[in-house]
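In what follows, a single structure is set out as structure tokens and then discussed.
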């Protein structure tokens, strides 16, 4: 009877760490996939939707268009504010991800 108990215990101590490793790998893959989805959504919102195209075209123009940039900043339309808030949101996401990484590594 003791032999079977020892075999079961050895099996448990062998299989449990392997199972934990597989679960951890699955978790990290899921997190990476979720981060990729977020990045793709942010890319779509910034480059493919019409929301920021006009603002982006003004800011990316040559220096001869400096008057358009000055007017944009002076008038500070809601679209320009949304444009700046978009980058504020991305900076906030980066801050959160950095904090989560530090907390995860410290744990």
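Of note:
- Test: residue 25 is surrounded by 10 or more Cβ atoms within 10 Å (Cβ to Cβ) and at pLDDT 85 or above: yes
- Of the set (1) touching a helix residue (DSSP H, G or I) at 6+ places or on another chain (Cβ under 9 Å); (2) at pLDDT 75 or above, all apply to residue 43 but (1).
The values are calculated or read from the model by the stated rules, or taken from the named source; none is laboratory data. Only a predicted model underlies this, so the values are computations on that prediction, with no experimental measurement involved. With ideal geometry, Cβ positions are generated from the backbone for all residues, glycine too; neighbour counts draw on all protein chains shown.
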